[in-house]
Amino acid sequence: MGTEAGSTPAGTATSATAAAGTSADTAATAASSTSAAATTADGSGPGKSVRPARVPKYYRLKRHLLDMTETLPPGTPVPPERTLAAEFDTSRTTVRQALQELVVEGRLERIQGKGTFVAKPKVSQALQLTSYTEDMKAQGLEPTSQLLDIGYITADDTLAGLLDIATGGRVLRIERLRLASGEPMAIETTHLSAKRFPALRRSLVKYTSLYTALAEVYDVHLAEAEETIETSLATPREAGLLGTDVGLPMLMLSRHSLDGSGQPVEWVRSVYRGDRYKFVARLKRPQE
């Protein structure tokens, strides 16, 4: 009776331990049997265990560098390839691969002749029907533009359909380099119907903002748009204008804007730097 109140006889403890050990052995044996009997993912049959994937050395180095960059301010230099190769006992080729992936992802910035540095955070833009100027000012950045080209082109079938004009109709094409606080961010090419917006080219001399010119001169206001985001690789021309490497991943946006009556206003194709830009969307579940 006393044993129930507190102490357990040694024999009972030994029995309990033995029972626990037997139970654990039984469970382990069952688990082992289950594992041995399991069929592998490739359907090769029982008796073969699934091994964890081998992590490449460059990826382990990349993770280390990524952790390091998250604690350092932008502009901090990264150790040279030779130093990293010696520290991690690996080749400079492996180090170069890890660094290049972080550059492509926008975590590091490589400056020719100077080295590799911790990059600034990416510019974040919400997916909404606003102008580039409005988007940059909302983030405390100074938006500027450089006019690359402006002129008239002939609409093919696709462009004619987007602008609701006849095939062969005249289209005003405006190509601009978009900058944020002096840093190139995007190349934007806008197409508008020359028939609907006569003398728009002259109006843009007075109004630096296209949307302001459309509102003030033509009383046209954007109401809705369909926007498509894809990926592309920087062409030599795009890389030269944006100050990036050829082949760097880009974000390519196509925007088809309409006015309040549902009439097409513009079709815009923009190429944004994938290493400096990201888009954010707020989603809600549909009402049932």
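The values are calculated or read from the model by the stated rules, or taken from the named source; none is laboratory data. It should be emphasised that the depicted structure is a prediction, and the values quoted were computed from it without experimental measurement. Every residue, glycine as well, gets a Cβ built from its backbone with ideal geometry; the counts of neighbours run over all protein chains shown.
Return the total of residues in the stretch 123-153 being of a type in the set (Val, Ile, Thr) and under 24 Å from ASP259 (Cβ atoms).
Looking only at that region, the number is 4.
If I filter the stretch 51-86 down to residues being β-branched (Val, Ile, Thr), in a loop (DSSP other than H, G, I, E, B) and out of contact with any Ser or Thr (no Cβ under 6 Å at 6 or more places or on another chain), which single residue comes out as modelled with the highest pLDDT?
THR76
Please verify whether GLU230 is farther than 20 Å from THR144 by Cβ, of a type in the set (D, E, K, R) and loosely packed, with under 13 Cβ neighbours inside 10 Å, treating the condition exactly as stated.
Spelling it out, GLU230 is indeed farther than 20 Å from THR144 by Cβ, of a type in the set (D, E, K, R) and loosely packed, with under 13 Cβ neighbours inside 10 Å.
Is it the case that SER270 is under 18 Å from the mean Cα position of the chain (by Cα), part of a strand (DSSP E or B), under 16 Å from THR235 (Cα atoms) and modelled with pLDDT of 90 or more?
When the stated conditions are applied, SER270 passes them.
Here is a check on your reading of the model: is GLU4 of a type outside the set (Ser, Thr, Tyr), loosely packed, with under 14 Cβ neighbours inside 10 Å and at pLDDT below 85?
yes
Kindly establish whether ARG110 is over 17 Å from SER270 (Cβ atoms) and not aromatic (Phe, Trp, Tyr).
Spelling it out, ARG110 is indeed over 17 Å from SER270 (Cβ atoms) and not aromatic (Phe, Trp, Tyr).
Got a number for residues in the stretch 161-211 being more than 23 Å from ARG276 (Cα to Cα) and of a type outside the set (Gly, Ala, Ser)?
Residues that pass the stated criteria total 26.
Hey, can you tell me all the residues within the stretch 223-275 that are in contact with a Phe, Trp or Tyr (Cβ under 7 Å, 6 or more places away or on another chain) and of a type in the set (S, T, N, Q)?
none
Considering only the stretch 130-214, give the helices (runs of 4 or more DSSP H) lying wholly within it that have at least 3 residues that are of a type in the set (A, V, I, L, M) and either in contact (Cβ under 8 Å) with a residue 40 or more places away in the chain or surrounded by 12 or more Cβ atoms within 10 Å (Cβ to Cβ) (or both).
157-163
If VAL118 satisfies every condition in (1) crowded, with 19+ Cβ neighbours inside 10 Å; (2) over 21 Å from the mean Cα position of the chain (by Cα) but one, which is the exception?
(2)
Quick check on the stretch 103-126. Is at least one of its residues assigned to a helix (DSSP H, G or I) and either under 18 Å from LYS278 (Cβ atoms) or in contact (Cβ under 8 Å) with a residue 40 or more places away in the chain (or both)?
Yes, the stretch 103-126 has at least one match.
Condition (residue is farther than 22 Å from LEU162 by Cβ and surrounded by fewer than 18 Cβ atoms within 10 Å (Cβ to Cβ)) applied to the stretch 255-274: is it met by at least one residue?
So far as the stretch 255-274 goes, no, none of its residues is farther than 22 Å from LEU162 by Cβ and surrounded by fewer than 18 Cβ atoms within 10 Å (Cβ to Cβ).
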